[in-house]
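Below is one structure, written out as C-alpha coordinates; comments come after it.
The values are calculated or read from the model by the stated rules, or taken from the named source; none is laboratory data. Computed from a predicted model, the values in this text were never measured in an experiment. Here the Cβ is made from the backbone with ideal geometry for all residues, glycine too, and neighbour counts use every protein chain on show. Protein only, heavy atoms only, side chains kept; ligands, DNA and RNA dropped before computing areas. Shrake-Rupley method; radii C 1.70, N 1.55, O 1.52, S 1.80 Å.
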Amino acid sequence: MSLTDEQIERYSRHIILQQVGGAGQEKLLASKVLIIGAGGLGAPAGLYLAAAGVGTIGIVDGDNVDLSNLQRQIIHHTADVGAEKIRSAEAKILAINPETRVRTYKQWAKADNIREIIRDYDFVIDGTDNFAAKFLVNDACYFEKVPFSHAGILRFDGQLITVLPGETTCYRCIFGGPPPADAVPSCSQAGVLGVLAGVIGSLQATEAIKYLLGLGDLLTGALLTYDALSMDFRKVSLNRNPQCPLCGDDPKITELKDEQQILCDPKNCEC
Amino acid sequence: MNLVVNGKNTDISDSMTVTELLAKEDVKMPQMVSVELNGQILKRSEFETTRLKDDDKVEFLYYMGGGTCL
Ligand SMILES: [Zn+2]
(Lines give C-alpha, C1' and ligand atoms only; values in the text may rest on other atoms or scores of the structure.)
Protein backbone atom coordinates (compact mmCIF):
# COMPACT_ATOMS: atom_id res chain seq x y z
CA MET A 1 0.00 0.00 0.00
CA SER A 2 1.33 3.46 -0.77
CA LEU A 3 -0.10 6.78 0.32
CA THR A 4 -2.05 8.94 -2.12
CA ASP A 5 -1.29 12.65 -2.47
CA GLU A 6 -4.40 13.43 -0.48
CA GLN A 7 -3.33 11.08 2.31
CA ILE A 8 0.13 12.60 2.38
CA GLU A 9 -1.46 15.98 2.91
CA ARG A 10 -4.08 14.83 5.39
CA TYR A 11 -1.56 13.01 7.57
CA SER A 12 1.38 15.37 6.96
CA ARG A 13 1.77 16.23 10.67
CA HIS A 14 2.16 12.56 11.44
CA ILE A 15 4.39 11.83 8.49
CA ILE A 16 6.90 14.52 9.39
CA LEU A 17 7.32 12.95 12.82
CA GLN A 18 10.46 10.91 12.50
CA GLN A 19 8.99 8.14 14.67
CA VAL A 20 5.91 7.81 12.46
CA GLY A 21 6.79 8.68 8.88
CA GLY A 22 5.04 7.32 5.82
CA ALA A 23 5.58 3.76 6.98
CA GLY A 24 3.94 4.45 10.35
CA GLN A 25 0.99 6.14 8.72
CA GLU A 26 0.52 3.14 6.42
CA LYS A 27 0.56 0.93 9.50
CA LEU A 28 -2.21 3.00 11.09
CA LEU A 29 -4.26 2.80 7.91
CA ALA A 30 -3.93 -0.98 7.98
CA SER A 31 -4.84 -1.22 11.70
CA LYS A 32 -8.08 -2.18 13.39
CA VAL A 33 -9.21 -0.81 16.75
CA LEU A 34 -12.38 -1.85 18.57
CA ILE A 35 -14.15 0.61 20.84
CA ILE A 36 -16.47 -1.05 23.32
CA GLY A 37 -18.94 1.57 24.46
CA ALA A 38 -19.57 4.74 22.43
CA GLY A 39 -19.92 6.85 25.56
CA GLY A 40 -17.75 9.35 27.40
CA LEU A 41 -14.45 7.52 26.89
CA GLY A 42 -15.21 6.01 23.51
CA ALA A 43 -16.26 9.37 22.05
CA PRO A 44 -12.89 11.19 22.06
CA ALA A 45 -11.05 7.92 21.43
CA GLY A 46 -13.13 7.25 18.33
CA LEU A 47 -12.79 10.78 16.99
CA TYR A 48 -9.01 10.94 17.45
CA LEU A 49 -8.39 7.47 16.08
CA ALA A 50 -10.47 8.31 13.00
CA ALA A 51 -8.61 11.58 12.55
CA ALA A 52 -5.31 9.73 12.97
CA GLY A 53 -6.18 7.46 10.08
CA VAL A 54 -6.74 4.18 11.90
CA GLY A 55 -8.14 2.22 8.97
CA THR A 56 -10.84 0.16 10.67
CA ILE A 57 -12.77 1.22 13.75
CA GLY A 58 -15.31 -1.09 15.33
CA ILE A 59 -17.94 0.24 17.71
CA VAL A 60 -19.93 -1.92 20.11
CA ASP A 61 -22.90 -0.27 21.81
CA GLY A 62 -26.50 -1.29 22.33
CA ASP A 63 -27.72 2.07 23.53
CA ASN A 64 -29.44 5.13 22.07
CA VAL A 65 -28.33 8.73 22.60
CA ASP A 66 -29.93 10.44 25.58
CA LEU A 67 -29.96 14.16 26.30
CA SER A 68 -27.99 13.57 29.53
CA ASN A 69 -25.16 11.94 27.52
CA LEU A 70 -24.24 15.13 25.69
CA GLN A 71 -22.46 16.70 28.67
CA ARG A 72 -19.50 14.38 28.01
CA GLN A 73 -20.09 12.07 25.04
CA ILE A 74 -18.87 14.50 22.42
CA ILE A 75 -19.25 12.17 19.47
CA HIS A 76 -23.03 12.62 19.85
CA HIS A 77 -24.71 15.91 19.05
CA THR A 78 -28.03 17.42 20.08
CA ALA A 79 -29.69 16.34 16.83
CA ASP A 80 -28.73 12.72 17.59
CA VAL A 81 -30.85 12.40 20.74
CA GLY A 82 -32.89 9.23 20.33
CA ALA A 83 -30.64 7.80 17.59
CA GLU A 84 -28.60 4.62 17.96
CA LYS A 85 -25.20 5.45 19.41
CA ILE A 86 -23.43 3.26 16.85
CA ARG A 87 -25.06 5.20 13.97
CA SER A 88 -24.39 8.58 15.54
CA ALA A 89 -20.73 7.66 16.21
CA GLU A 90 -20.29 6.21 12.75
CA ALA A 91 -21.57 9.42 11.14
CA LYS A 92 -19.09 11.64 13.06
CA ILE A 93 -16.18 9.32 12.36
CA LEU A 94 -16.97 9.36 8.65
CA ALA A 95 -17.43 13.12 8.70
CA ILE A 96 -13.92 13.53 10.11
CA ASN A 97 -12.37 10.89 7.91
CA PRO A 98 -14.44 9.35 5.11
CA GLU A 99 -11.85 6.71 4.38
CA THR A 100 -12.32 5.04 7.77
CA ARG A 101 -13.90 1.62 7.56
CA VAL A 102 -16.47 1.61 10.39
CA ARG A 103 -17.94 -1.63 11.64
CA THR A 104 -20.84 -1.35 14.04
CA TYR A 105 -22.23 -3.86 16.52
CA LYS A 106 -25.59 -2.87 17.97
CA GLN A 107 -25.38 -4.99 21.08
CA TRP A 108 -24.22 -4.99 24.67
CA ALA A 109 -20.92 -6.75 25.23
CA LYS A 110 -21.72 -10.16 26.70
CA ALA A 111 -19.87 -13.41 27.28
CA ASP A 112 -21.65 -15.06 24.33
CA ASN A 113 -20.83 -12.41 21.71
CA ILE A 114 -17.72 -10.42 22.58
CA ARG A 115 -14.88 -12.89 21.94
CA GLU A 116 -15.69 -13.34 18.28
CA ILE A 117 -15.83 -9.58 17.81
CA ILE A 118 -12.60 -8.85 19.68
CA ARG A 119 -10.52 -11.40 17.83
CA ASP A 120 -10.70 -9.43 14.57
CA TYR A 121 -8.97 -6.40 16.10
CA ASP A 122 -5.41 -5.32 16.91
CA PHE A 123 -6.30 -3.29 19.99
CA VAL A 124 -9.37 -2.70 22.15
CA ILE A 125 -10.49 0.46 23.96
CA ASP A 126 -12.61 -0.27 27.02
CA GLY A 127 -15.11 2.55 27.05
CA THR A 128 -17.74 0.71 29.04
CA ASP A 129 -19.53 2.25 31.97
CA ASN A 130 -20.12 -0.59 34.41
CA PHE A 131 -18.02 -3.12 36.30
CA ALA A 132 -19.57 -6.25 34.79
CA ALA A 133 -18.60 -5.03 31.31
CA LYS A 134 -15.13 -3.94 32.42
CA PHE A 135 -14.30 -7.36 33.81
CA LEU A 136 -15.82 -8.96 30.71
CA VAL A 137 -13.59 -6.89 28.40
CA ASN A 138 -10.54 -7.73 30.54
CA ASP A 139 -11.30 -11.44 30.47
CA ALA A 140 -12.28 -11.60 26.79
CA CYS A 141 -9.09 -9.77 25.78
CA TYR A 142 -7.11 -12.20 27.94
CA PHE A 143 -8.63 -15.26 26.26
CA GLU A 144 -8.22 -13.75 22.80
CA LYS A 145 -4.75 -12.31 23.61
CA VAL A 146 -5.71 -8.87 22.30
CA PRO A 147 -4.09 -5.87 24.04
CA PHE A 148 -6.41 -3.24 25.43
CA SER A 149 -6.67 0.00 27.34
CA HIS A 150 -8.77 -0.10 30.48
CA ALA A 151 -10.09 3.13 31.91
CA GLY A 152 -12.58 4.38 34.46
CA ILE A 153 -13.85 7.78 35.51
CA LEU A 154 -15.79 8.94 38.53
CA ARG A 155 -16.59 12.43 39.78
CA PHE A 156 -13.28 14.33 39.35
CA ASP A 157 -11.00 11.30 39.05
CA GLY A 158 -9.94 9.03 36.26
CA GLN A 159 -7.59 6.12 35.81
CA LEU A 160 -6.22 3.95 33.04
CA ILE A 161 -3.88 1.07 32.38
CA THR A 162 -2.79 -0.74 29.24
CA VAL A 163 -2.86 -4.52 29.39
CA LEU A 164 -0.89 -6.95 27.25
CA PRO A 165 -2.83 -10.07 28.28
CA GLY A 166 -0.75 -12.78 29.89
CA GLU A 167 2.30 -10.50 29.96
CA THR A 168 1.40 -7.48 32.05
CA THR A 169 -0.79 -6.61 35.04
CA CYS A 170 -4.49 -6.99 34.25
CA TYR A 171 -7.60 -5.37 35.71
CA ARG A 172 -8.28 -8.47 37.83
CA CYS A 173 -4.69 -8.44 39.15
CA ILE A 174 -5.64 -5.14 40.79
CA PHE A 175 -9.29 -5.55 41.69
CA GLY A 176 -10.00 -9.29 41.55
CA GLY A 177 -13.68 -8.91 40.77
CA PRO A 178 -16.54 -6.43 40.96
CA PRO A 179 -17.16 -4.62 44.24
CA PRO A 180 -19.92 -5.86 46.51
CA ALA A 181 -23.25 -4.63 45.15
CA ASP A 182 -24.22 -2.75 48.30
CA ALA A 183 -21.00 -0.71 48.17
CA VAL A 184 -21.64 0.82 44.79
CA PRO A 185 -23.16 4.28 44.83
CA SER A 186 -26.32 4.58 42.81
CA CYS A 187 -26.19 6.51 39.55
CA SER A 188 -27.70 9.64 40.94
CA GLN A 189 -24.82 9.89 43.39
CA ALA A 190 -22.18 9.15 40.81
CA GLY A 191 -21.67 12.32 38.83
CA VAL A 192 -18.72 12.91 36.58
CA LEU A 193 -17.05 16.02 35.25
CA GLY A 194 -17.66 15.79 31.52
CA VAL A 195 -14.23 16.90 30.38
CA LEU A 196 -12.66 14.11 32.43
CA ALA A 197 -13.93 11.65 29.83
CA GLY A 198 -12.15 13.69 27.17
CA VAL A 199 -8.84 13.59 29.03
CA ILE A 200 -8.92 9.89 29.82
CA GLY A 201 -10.44 8.76 26.49
CA SER A 202 -7.78 10.74 24.62
CA LEU A 203 -5.06 9.02 26.68
CA GLN A 204 -6.58 5.67 25.71
CA ALA A 205 -6.36 6.68 22.03
CA THR A 206 -2.71 7.68 22.60
CA GLU A 207 -1.95 4.23 23.96
CA ALA A 208 -3.69 2.57 21.01
CA ILE A 209 -1.60 4.54 18.52
CA LYS A 210 1.62 3.88 20.44
CA TYR A 211 0.85 0.18 20.48
CA LEU A 212 0.01 0.08 16.78
CA LEU A 213 3.22 1.91 15.88
CA GLY A 214 5.45 0.27 18.50
CA LEU A 215 6.34 3.67 19.90
CA GLY A 216 7.64 4.61 23.32
CA ASP A 217 6.69 2.87 26.54
CA LEU A 218 3.16 1.65 27.01
CA LEU A 219 1.27 2.29 30.24
CA THR A 220 1.67 -1.33 31.33
CA GLY A 221 2.39 -2.49 34.86
CA ALA A 222 1.19 0.85 36.19
CA LEU A 223 -2.14 2.52 36.75
CA LEU A 224 -2.18 6.19 35.79
CA THR A 225 -4.51 8.09 38.09
CA TYR A 226 -5.70 11.62 37.42
CA ASP A 227 -7.25 13.92 39.97
CA ALA A 228 -8.73 16.91 38.13
CA LEU A 229 -9.19 18.94 41.32
CA SER A 230 -5.55 18.82 42.37
CA MET A 231 -4.30 18.37 38.78
CA ASP A 232 -2.21 15.45 39.95
CA PHE A 233 -1.27 12.70 37.55
CA ARG A 234 0.29 9.74 39.33
CA LYS A 235 1.63 6.51 37.91
CA VAL A 236 1.22 3.75 40.46
CA SER A 237 3.42 0.76 39.66
CA LEU A 238 1.51 -2.49 39.94
CA ASN A 239 3.11 -5.88 39.61
CA ARG A 240 1.25 -8.84 38.20
CA ASN A 241 -0.61 -10.59 40.99
CA PRO A 242 0.22 -14.30 41.37
CA GLN A 243 -3.20 -14.65 42.99
CA CYS A 244 -5.04 -13.04 40.08
CA PRO A 245 -8.13 -15.18 39.41
CA LEU A 246 -7.55 -14.79 35.66
CA CYS A 247 -3.84 -14.55 34.86
CA GLY A 248 -2.33 -15.73 38.17
CA ASP A 249 -0.58 -18.99 39.04
CA ASP A 250 -3.77 -20.88 39.84
CA PRO A 251 -6.52 -19.23 37.80
CA LYS A 252 -10.12 -19.70 38.89
CA ILE A 253 -11.52 -18.22 35.70
CA THR A 254 -10.93 -20.57 32.81
CA GLU A 255 -13.74 -19.53 30.50
CA LEU A 256 -15.57 -16.32 29.71
CA LYS A 257 -18.57 -15.61 31.95
CA ASP A 258 -20.69 -12.57 32.59
CA GLU A 259 -20.26 -11.01 36.01
CA GLN A 260 -23.48 -10.10 37.66
CA GLN A 261 -24.53 -6.65 36.56
CA ILE A 262 -24.92 -4.40 39.55
CA LEU A 263 -28.20 -2.63 39.06
CA CYS A 264 -28.93 0.65 40.68
CA ASP A 265 -32.07 1.39 42.53
CA PRO A 266 -34.49 2.44 39.79
CA LYS A 267 -36.09 4.95 42.14
CA ASN A 268 -32.98 7.16 42.24
CA CYS A 269 -31.59 6.13 38.91
CA GLU A 270 -31.56 8.40 35.91
CA CYS A 271 -29.96 6.06 33.44
CA MET B 1 6.59 6.10 62.24
CA ASN B 2 6.34 7.09 58.63
CA LEU B 3 4.19 5.60 55.89
CA VAL B 4 4.03 6.60 52.26
CA VAL B 5 0.31 6.66 51.46
CA ASN B 6 -0.53 7.32 47.80
CA GLY B 7 2.90 8.88 47.37
CA LYS B 8 2.62 11.23 50.37
CA ASN B 9 4.60 10.90 53.59
CA THR B 10 2.20 10.28 56.45
CA ASP B 11 3.20 10.25 60.11
CA ILE B 12 1.40 7.88 62.39
CA SER B 13 2.09 7.53 66.09
CA ASP B 14 1.26 3.87 66.57
CA SER B 15 1.45 0.83 64.43
CA MET B 16 -1.90 0.16 62.79
CA THR B 17 -3.62 -2.29 60.49
CA VAL B 18 -4.66 -1.56 56.91
CA THR B 19 -8.28 -1.39 58.05
CA GLU B 20 -7.33 1.22 60.66
CA LEU B 21 -5.37 3.22 58.10
CA LEU B 22 -8.36 3.24 55.74
CA ALA B 23 -10.45 4.69 58.58
CA LYS B 24 -7.76 7.21 59.54
CA GLU B 25 -7.46 8.38 55.92
CA ASP B 26 -11.23 8.88 55.92
CA VAL B 27 -11.93 6.40 53.13
CA LYS B 28 -15.71 6.43 53.09
CA MET B 29 -16.24 3.16 51.28
CA PRO B 30 -13.36 0.76 51.99
CA GLN B 31 -15.19 -1.91 49.96
CA MET B 32 -14.52 0.24 46.89
CA VAL B 33 -10.75 0.23 47.44
CA SER B 34 -8.04 -2.23 46.51
CA VAL B 35 -4.84 -1.90 48.55
CA GLU B 36 -1.29 -2.36 47.33
CA LEU B 37 1.37 -2.74 50.03
CA ASN B 38 5.02 -2.47 48.94
CA GLY B 39 4.20 -3.56 45.42
CA GLN B 40 1.84 -6.43 46.23
CA ILE B 41 -1.96 -6.34 46.08
CA LEU B 42 -3.43 -7.39 49.43
CA LYS B 43 -6.36 -9.74 49.67
CA ARG B 44 -9.38 -8.04 51.13
CA SER B 45 -9.37 -10.54 54.00
CA GLU B 46 -5.86 -9.38 54.92
CA PHE B 47 -6.82 -5.72 55.54
CA GLU B 48 -7.79 -6.52 59.12
CA THR B 49 -4.74 -8.62 59.93
CA THR B 50 -1.97 -6.76 58.12
CA ARG B 51 -0.03 -4.47 60.44
CA LEU B 52 1.88 -1.64 58.80
CA LYS B 53 5.58 -1.09 59.43
CA ASP B 54 7.82 1.97 59.25
CA ASP B 55 8.48 3.08 55.66
CA ASP B 56 5.73 0.90 54.19
CA LYS B 57 4.39 2.13 50.87
CA VAL B 58 0.63 1.91 50.64
CA GLU B 59 -1.53 2.67 47.60
CA PHE B 60 -5.30 2.91 47.71
CA LEU B 61 -6.73 2.04 44.30
CA TYR B 62 -10.34 2.95 43.72
CA TYR B 63 -12.91 1.16 41.61
CA MET B 64 -14.06 3.50 38.87
CA GLY B 65 -16.84 2.78 36.43
CA GLY B 66 -17.73 4.89 33.48
CA GLY B 67 -19.60 7.83 34.87
CA THR B 68 -23.12 7.00 33.82
CA CYS B 69 -24.37 3.92 35.55
CA LEU B 70 -21.99 2.13 37.84
ZN1 LIG C 1 -4.37 -10.62 36.12
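If R₀ is 51 angstrom, what is the calculated FRET efficiency for the pair B:T17 and A:N113, using the beta carbon separation as r and rounding to 0.05? Don't jump to the answer; show the numbers that get you there.
Working: r = 44 Å, r/R0 = 0.86.
About 0.70, to the nearest 0.05.
Only Cα pairs within less than 10 Å get springs; with that Gaussian network setup on chain A, which residue of A:Y142, A:Y211, A:Y11 has the largest fluctuation?
For chain A, modelled as a Gaussian network with Cα springs under 10 Å, the answer is A:Y11.
Set the Förster radius R0 to 30 Å, insert the Cβ-Cβ distance between A:E167 and B:E25 as r into 1/(1 + (r/R0)^6), and round the FRET efficiency to 0.05. Don't skip to the answer; put the middle values down first.
Working: r = 33 Å, r/R0 = 1.10.
Step by step, r from the Cβ atoms, then E = 0.35.
For the range A:31-268, which whole-number percentage of the solvent-accessible area (1.4 Å probe, protein heavy atoms only) is attributable to carbon and sulfur atoms?
On the way: 4850 of 9480 Å².
So the carbon and sulfur contribution to the accessible surface is 51 percent.
Remind me, relative contact order of chain A in percent, using alpha carbon pairs under 8 angstrom and six or more residues apart? Display every interim value, and only then the final one.
Numbers: 559 pairs, mean separation 51.9, N = 271.
Worked out over chain A, it gives 19 percent.
Mean Kyte-Doolittle of at least 1.6 and a Cα length of 20 Å or more along the axis: which whole DSSP H helices of chain A meet both?
Answer set is empty.
Along each of its three principal axes, how wide is the spread of alpha-carbon positions in the range A:109-244, in whole angstrom units, largest first?
Largest to smallest, the principal-axis extents are 36, 35, 28 Å.
Please quote Rg/Rh for the range B:2-62 to two decimal places, taking the Kirkwood radius as Rh and restricting both calculations to Cα atoms. Could you put the intermediate results ahead of the total?
Working: Rg = 10.3 Å, Rh = 11.4 Å.
Ratio of gyration radius to Kirkwood radius: 0.90.
Under 21 Å Cα to Cα from B:K53, which lysines show up? Leave out anything in the same chain fewer than 8 places away.
Filter leaves B:K8, B:K24, B:K43.
Which whole-percent values make up P(r) of the range A:1-123 when all C-alpha to C-alpha distances are grouped in 5 Å steps starting at zero?
With a bin width of 5 Å, the distribution comes to 2, 12, 21, 21, 17, 13, 9, 5, 1.
Which positions within the range A:132-162 get 40 Å² or more of their accessible surface covered by the other protein chains, compared to the chain by itself, with a 1.4 angstrom probe?
For the range A:132-162, once contacts with the other chains are taken into account, A:I153, A:L154, A:Q159 lose 40 Å² or more.
Once you list every other residue whose beta carbon is under 14 Å from the beta carbon of A:A140, what net charge do they have if Lys and Arg are +1 and Asp and Glu are -1?
Around A:A140, the surrounding residues sum to -2.
Using the crude model of +1 on Lys and Arg Cβ and -1 on Asp and Glu Cβ, and no other charge, please compute the dipole size for the range A:66-213 relative to its Cα centre, in debye to 20.
Values: 15 positive and 17 negative charges, 22 e Å.
Using only the charged Cβ atoms, the result is roughly 100 debye.
Just the C-alpha atoms of the range A:110-149: what Rg/Rh do they give, with Rh taken as the Kirkwood radius?
0.91
Report the one residue of B:A23, A:A151, A:L70 whose Cα lies farthest in the direction of the positive end of the charge dipole of the protein assembly as shown (charges on C-beta: Lys and Arg +1, Asp and Glu -1; origin at the Cα centre).
A:L70
Using only Cα positions of the range A:31-268, each an equal point scatterer, no hydration layer, compute I(q)/I(0) via Debye at q = 0.12 Å⁻¹ and quote the log10 values to two decimals.
-0.63
Among rounded, prolate and oblate, which fits the range A:48-185 when a ≥ b ≥ c are the square roots of the eigenvalues of its C-alpha gyration tensor, a/c under 1.5 means rounded, and a/b larger than b/c means prolate? Walk me through the numbers before you get to the answer.
On the way: a/c = 1.82, a/b = 1.27, b/c = 1.43.
In terms of gyration-tensor shape, oblate.
Taking the Cα centre of chain A as origin, sum charge times position over the Cβ atoms of Lys and Arg (+1) and Asp and Glu (-1), and report the length of that vector in debye to the nearest 20.
Dipole size: approximately 240 debye.
Taking the Cα centre of the range B:2-62 as origin, work out the dipole magnitude from +1 charges on Lys and Arg Cβ and -1 charges on Asp and Glu Cβ, in debye rounded to 20. Intermediate values should be presented prior to the final figure.
Working: 8 positive and 12 negative charges, 41 e Å.
That gives the range B:2-62 a dipole magnitude of about 200 debye.
Can you find, among A:G176, A:L164, A:L3, the residue farthest towards the positive end of the dipole of chain A? Put +1 on the C-beta of Lys and Arg, -1 on that of Asp and Glu.
Most positive-ward Cα: A:L3.
Any idea of the total accessible area buried by the B-A contact, 1.4 Å probe, rounded to 100 Å²? Intermediate results must be reported in sequence, preceding the final value.
Values: alone 4970 and 13230 Å², together 15470 Å².
Adding both sides of the contact gives about 2700 Å².
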